[in-house]
1. Quick check on the stretch 107-120. Is at least one of its residues surrounded by fewer than 17 Cβ atoms within 10 Å (Cβ to Cβ), farther than 25 Å from Asn224 by Cβ and small (Gly, Ala, Ser)?
2. Scan the stretch 165-182 residue by residue and report those that are at pLDDT 85 or above and part of a helix (DSSP H, G or I).
3. Scan the stretch 27-51 for residues that are open to solvent by 20 Å² or more (accessible area, probe 1.4 Å), part of a helix (DSSP H, G or I) and touching a residue at least 40 places away in the same chain (Cβ under 8 Å) and jot them down.
4. Kindly list, by first and then second residue, each pair from a residue in the stretch 326-353 that is without any contact (Cβ under 8 Å) to a residue 60 or more places away in the chain and polar (S, T, N, Q) to a residue that is open to solvent by 40 Å² or more (accessible area, probe 1.4 Å) and in a loop (DSSP other than H, G, I, E, B), limited to pairs with Cβ atoms under 8 Å and residues at least 6 apart or on different chains.
5. Exactly one condition in (1) open to solvent by 10 Å² or more (accessible area, probe 1.4 Å); (2) without any contact (Cβ under 8 Å) to a residue 60 or more places away in the chain; (3) on the phi < 0 side of the Ramachandran plot; (4) not hydrophobic (A, V, I, L, M, F, W, C) is false for Asp195; which is it?
6. Quick one: Val20 ticks every box in (1) more than 27 Å from the chain's Cα centre (by Cα); (2) open to solvent by 60 Å² or more (accessible area, probe 1.4 Å); (3) modelled with pLDDT of 85 or more; (4) not basic (Lys, Arg) bar one, so which box is it?
7. Of the numbered conditions (1) within 30 Å of Ile329 (Cα to Cα); (2) not in a helix (DSSP H, G or I), Gly85 fails exactly one; give the number of that condition.
8. Residue by residue through the stretch 282-322, note down the ones that are crowded, with 17+ Cβ neighbours inside 10 Å, farther than 20 Å from Thr48 by Cβ and not β-branched (Val, Ile, Thr).
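The values are calculated or read from the model by the stated rules, or taken from the named source; none is laboratory data. Keep in mind that what you see is a predicted model, and the values were worked out from it rather than measured. All Cβ positions, even for glycine, are placed from backbone atoms using ideal geometry, and neighbour counts span all protein chains on display. The area values use the complete protein model at the heavy-atom level, side chains included, leaving out ligands, DNA and RNA. Shrake-Rupley method; radii C 1.70, N 1.55, O 1.52, S 1.80 Å.
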Amino acid sequence: MELIILTKINTPVIGWVSDVLGMIMDIIFRVTAALGITNIGLCIIIFTIIINLLMLPLTIKQQRSSKLMAVMQPEIQAIQKKYKGKNDSETAIKLQKETQAVYDKYGTSMVGGCAQMLIQMPILLALYQVILRIPAYVPSVKVYFEQIASLMMKQSGYIDTLSSYAVKHKLPVDKIDYTNMNRVIDLLYKFTPVDWADIKNAFSSASELSQQLMNNVPVIEKMNEFLGINLATSPFQGWTPSLAWIIPVLAGVTQWLSAKLMSTGTSAQQSASDENSMAQQMKTMTNVMPLMSVYFCFILPAGVGIYWIISALSRIVQQYFINKHLDKIDVQVLIEENLKKKNEKRAKKGLPPETINKKAISKAINTDTTVKKDEEEEKRKQEIIANSTEYYKKNAKPGSIASKANMVAAYNEKISQKKNGKKNKTAASIEDEDVKDGE
């Protein structure tokens, strides 16, 4: 069951940020309308790109923290292994102190990577409020519905008429206050072209309202239609496939591509160890989030799906260039920059500056790089051996050295199976034949 969700949210911080973002959306709508384009879909696209650009500095900071974590992770894991299985308070204190020492060495903090996420969270939540509740936050859109609602609420029997549409759109009828104009606009915003045609017939006797419907409904339908899809209604209107279903599908695909590209930028951190819980969580999120996107974009208004798709595409483009940028930055430079900022804060508190243990950091970086190279080299050797073995098995000619080598290999494998007690029936039959031949 859908909820009435268009009226403004009153939650502190999120509500305030939503008002600011609504102002931005309203400006975009006014500008595009001045250019002769009154389309909410286009406004959502422009709005999403602008907001992603405004959040770019936070995104870069977060990715820089992730790159630094890739180098720190082996040291942190070593400390965790050191105290694994010990749950007493003294061990917990030692674990925390040694872990903090690693963060201090690299000039960062345990909450450094989370700070950007905490800042972004209210912005992201506010974004959804604005996209979900366009008329509530965009006065330039609301005015068209307001002109209709104000006259409709003066008509006798309008509550019974609107109640039937609330039932049709699976809204909680008992929770709708039809004496509240904002609630009436909430319902009108969900109307399809068929609903508007019916409402014109229902109030055809009210001349002034009929005139407003004749003037405003074409504008409203034009605003909410994007590529033949009504942005105010959810794509799922039953199990019969429709054009609107392409929105959740694209949302899932773009979310998956975005997550994969982001994981590429932090691949070192993810592949550092199978015991790295953060890496496992990232892998899970990469697989689960696209599926969640598909589900929510099916049940929420199509405008949310448009936002989701454009936001993912924006992140893909941004992440590509961020990865290129971070590849050129030396980890040592990141550490020096972090430590410089940290010492500036310490100076304000009257504390002495901290210094970098360059030798230890260089060793950690080189060790991490060497381990990765060794793993790649070993993997490459195993692939070569496997390919060569497979080649000679398939291409060995009778009586050739390769054929004899295969016989030796088969004999050794047979002996090994016998020692391990894993002989199969085929091996047993071959052995019996060898015994008979010997006799």
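1. Scanning the stretch 107-120, I find at least one residue that is surrounded by fewer than 17 Cβ atoms within 10 Å (Cβ to Cβ), farther than 25 Å from Asn224 by Cβ and small (Gly, Ala, Ser), so the answer is yes.
2. Residues satisfying the conditions are Met181, Asn182.
3. Arg30, Ala33, Leu42, Ile45, Ile49
4. That search, which allows pairs on different chains as well, returns Asn343/Pro353; Asn343/Glu354.
5. (1)
6. Here Val20 meets the rest and fails (1).
7. Result: Gly85 passes all but (1).
8. Met282
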